[in-house]
Amino acid sequence: MQDYPYTFGISEGIPTHYDNHITRTLSVMAGQFADQGAYDAALAEGDELLYEVYELKRPEVAGELLHGISIVHPGLVGDEYFMTKGHFHAELETAEVYYCLAGEGMMVMETPEGDWAVEELRPGRVLYVPPRWAHRSVNTSRNQDLVTFFVYPGDAGHDYGTIEAQGFRKLVLQKDGRPQILDNPHWRAPAER
Ligand code: PA5
Ligand code: NI
């Protein structure tokens with residue numbers, strides 16, 4: 001990490017400079033895909049790589065901006081597209097910006113108050129995720145990586161536990177070869193947990 005202005009390029013979705021490379025495989029998504037049988041069957045075939053994150057390291061304090069590249073690979077678990085775990089920010093009142101560089105996808109979002117939104121990600125589109133909105137990237141392409149650049153406040157932190165416990169209200173499933181947004185039958189309102 002350097003405290004001097006820097007630039008980096010992005011070559012085939014990979015930053016030319018980065019500090020951390022995080023990989024997440026099927027096994028970290030236990031309970032997150034709607035079709036548990038399809039999930040178990042997929043895992044029995046192997047612990048496939050679902051997504052990767054390249055991070056530029058910065059101090060995790062207010063005033064800093066954490067940034068990097070997220071790559072969700074194409075694939076399905078049953079009818080459900082490969083996706084990220086998704087999270088609220090631990091510091092709920094913090095936002096995030098995504099800029100889509102390649103692929104096709106959707107960002108599934110919701111607030112603790114029960115609002116939800118799903119926005120398309122396409123190359124050249126910018127998505128603003130306001131404070132309070134949990135977010136999960138879904139790759140709706142069958143053959144291309146979904147590549148996004150993200151930036152969020154240094155003090156945001158991650159709350160994965162809430163989504164692990166309740167899921168997202170909405171699922172993105174492939175129906176007749178196309179993405180469809182459906183209610184998650186396993187979603188539990190915070191009050192029911
Ligand atoms: O900051 C973000 O929201 C992204 O960088 C995500 O962390 C990234 O897409 C991976 O998703 P998750 O952190 O939910 O595993
Ligand atoms: Ni985030």
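The values are calculated or read from the model by the stated rules, or taken from the named source; none is laboratory data. Just so we're clear, the structure is a prediction, and the values are computed from it rather than from any experiment. Cβ sites come from the backbone with ideal geometry, for glycine too, and all protein chains shown count toward neighbours. What goes into the accessible areas is simple: the full protein's heavy atoms, side chains included, and nothing from ligands, DNA or RNA. Shrake-Rupley method; radii C 1.70, N 1.55, O 1.52, S 1.80 Å.
Take the residues in region 118-136 that are more than 13 Å from Met106 (Cα to Cα) and crowded, with 20+ Cβ neighbours inside 10 Å, then tell me which one is farthest from ligand 1 (Cβ to nearest atom). In this case the residue turns out to be Trp133. Can you tell me how many residues in region 101-136 are of a type in the set (Lys, Arg) and either within 16 Å of ligand 2 (Cβ to nearest atom) or without any contact (Cβ under 8 Å) to a residue 12 or more places away in the chain (or both)? Adding up the residues that qualify gives 2. Of the residues that sit in region 42-90 and are of a type in the set (Val, Ile, Thr) and within 16 Å of ligand 2 (Cβ to nearest atom), which one is surrounded by the fewest Cβ atoms within 10 Å (Cβ to Cβ)? In this case the residue turns out to be Val53. The residue of region 161-177 that is surrounded by the fewest Cβ atoms within 10 Å (Cβ to Cβ), among those that are basic (Lys, Arg) and more than 13 Å from Val138 (Cα to Cα), is Lys175. Residues of region 45-62 that are away from ligand 1 (no atom under 15 Å from the Cβ) and touching a strand residue (DSSP E or B) at 6+ places or on another chain (Cβ under 8 Å): Asp47, Glu48, Ala62. Filtered by the rule that a residue be of a type in the set (Phe, Trp, Tyr) and without any contact (Cβ under 8 Å) to a residue 60 or more places away in the chain, region 78-100 gives Phe82, Tyr98, Tyr99. Looking across region 1-23, just one residue is farther than 24 Å from Thr84 by Cβ and of a type in the set (Val, Ile, Thr), and that is Thr7.
With respect to the conditions (1) touching a Leu at 6+ places or on another chain (Cβ under 8 Å); (2) among the acidic types (Asp, Glu); (3) within 11 Å of ligand 1 (Cβ to nearest atom), Glu164 falls short on a single one, namely (1).
Take the conditions within 25 Å of Ala156 (Cβ to Cβ), polar (S, T, N, Q) and open to solvent by less than 70 Å² (accessible area, probe 1.4 Å) and apply them to Gln32. Does it pass? Taking the combined requirement at face value, the residue satisfies it. Go through Asn143, Asn139, Asn184 for me and flag whichever is away from ligand 2 (no atom under 16 Å from the Cβ), under 12 Å from the mean Cα position of the chain (by Cα) and either over 16 Å from Gln32 (Cα atoms) or surrounded by 13 or more Cβ atoms within 10 Å (Cβ to Cβ) (or both). Just one listed residue meets the conditions, Asn139. Among residues of region 139-157 that are under 15 Å from Val97 (Cβ atoms) and of a type in the set (Ser, Thr, Tyr), those with a beta-carbon under 6 Å from a residue that is within 16 Å of ligand 2 (Cβ to nearest atom) and not in a loop (DSSP other than H, G, I, E, B) at least six positions away or on a different chain give the pairs Thr148/Ser70; Thr148/Tyr98; Thr148/Cys100; Tyr152/Leu66; Tyr152/Glu96. Residues in region 139-155 that are away from ligand 1 (no atom under 11 Å from the Cβ) and either of a type in the set (A, V, I, L, M) or over 17 Å from Pro179 (Cβ atoms) (or both): Gly154, Asp155.
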